[in-house]
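Step one of this worksheet: look at the structure below.
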Amino acid sequence: MHVGFLRPTTVEEAVAALAADEDARLLAGGQTLMATIATGLYRPSATISLAGVAELRGLRRLDDGTVRMGAMATHAEIAASPLFAGAQRLVPDAAGRIAYPAIRNAGTVGGACAHGDPASDWPAIAVAADARLHLAGPSGHRTVAAADFFVDFLTTALDPGEMIVAIDVPPRLRSFAVERIVRVAGDYATLSVLVALDHDGGLCRSVRIAVGSCGVRPLRDAGAEGLLIGRTVDRDTALAAGDRLAAMADPVGDVRASAAYRRRVMPALVSRAILGAMSA
Ligand SMILES: Cc1cc2nc3c(=O)[nH]c(=O)nc-3n(C[C@H](O)[C@H](O)[C@H](O)COP(=O)(O)OP(=O)(O)OC[C@H]3O[C@@H](n4cnc5c(N)ncnc54)[C@H](O)[C@@H]3O)c2cc1C
């Protein structure tokens, strides 16, 4: 039975509340948690609201250009933030495409990453942005790269009793592009591709490509990126990278599309994103 509602004001208090009751759950925007409680799928002994923890709120730019997003920053706040520069801007650009305003106004980056739903946008955004997640738990603080954080379907690197405190977006690359296929406006993406890169004219110097909604975790492949680095990128090169990612992918079939459809459209979507970032 759902009995408790706690409202800590510091990260330490939130971690202590989690440690005191292994059946309690953190409450951020509540969009996923409240739905699972309301449908009876899940019955935590208590919810620990993070709404009163000031240090989890907002975004700030560090001296080295890193943008630190508090775990309770909403998709809408992130989408509207002027702090991002260069290829970091893929983060607000992609956050602004999530669902629709009601969802973006309540959903948080910490809740979305902790939930680890591979159909959602944040796992691929975080991997494309080379983000690092700051975690706090009973054993102290640690940092995990986004590439290591999303482990499997609804499974992340969070240990029992750990929470996300903040997510850093480093200032690495210059240009970016975001491409998504959605069945109808506001739906989860059928497939998403995010590209960050540096280029001199048509010559690609460095690139990160992340594909979302195509398997249990975001897809990134050094081989596909290697086809572009040090090369003049045209449509054929970009398509070759997309072909390679499609061959590596292990997409799921679900209500939005079959696995075969996702693999079929991936090369074109990847190539569109690469060429978009090269021309930015
Ligand atoms: C109708 C609808 C449409 C949506 N469409 C999209 C979409 O198109 N794309 C997309 O990406 N997302 C979409 N979402 C997801 C939504 O945007 C939220 O990101 C998501 O529901 C989780 O964020 P939240 O803040 O609501 O977390 P909550 O529901 O509060 O929490 C989710 C889980 O994370 C845990 N948690 C929360 N905060 C932390 C923390 N700081 N540390 C550790 N654990 C934590 C909770 O205990 C819970 O298990 C949609 C949601 C709905 C309801």
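No lab work stands behind these numbers, since they all come straight from the coordinates. Since we're looking at a predicted model, the values are computed, not measured. Neighbour counts run over all protein chains shown; Cβ positions are idealised from the backbone, glycine included.
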*If the viscosity is 1.306 mPa s and the temperature 10 °C, what translational diffusion coefficient in µm²/s does Stokes-Einstein give for segment 164-280 when Rh comes from Kirkwood over Cα pairs?*
110
*If we count other beta carbons within 10 Å of each Cβ, what is the order of 81, 258, fewest first?*
258, 81
_Which of rounded, prolate or oblate describes segment 7-81 when judged by the alpha-carbon gyration tensor and an a/c cut-off of 1.5?_
oblate
*Could you tally the net charge around residue 114, taking each other residue with its Cβ under 11 Å from the Cβ of residue 114, Lys/Arg +1 and Asp/Glu -1?*
-1
*Value of D in µm² per second that Stokes-Einstein yields for the chain, Kirkwood Rh from Cα pairs, at 25 °C (0.890 mPa s)*: 128
_Test of understanding: in a Gaussian network model of the chain with alpha carbons linked when under 10 Å, which of 183, 263, 217 would top the mean-square fluctuation ranking?_
183
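Taking a temperature of 25 °C and a viscosity of 0.890 mPa s, what whole-number D in µm²/s does Stokes-Einstein yield for segment 56-113 with Rh from Kirkwood over alpha carbon pairs?
Calculated translational D: 217 µm²/s.
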*Starting at the first residue of segment 167-176, write each ³J(HN,Hα) from the Karplus equation 6.51 cos²θ - 1.76 cosθ + 1.60 with θ = phi - 60°, in whole Hz, x for Gly and Pro.*
9, 9, 10, x, x, 8, 10, 9, 10, 8
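How high is the relative contact order of the chain, in percent, counting Cα pairs under 8 Å that sit 6 or more residues apart?
15
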*Loop-only check: which GluC sites (Glu not before Pro) in segment 1-62 are DSSP coil with at most 16 other Cβ within 10 angstrom?*
22
*Post the alpha-carbon centroid distance, segment 9-43 to segment 205-280, in whole angstrom.*
36
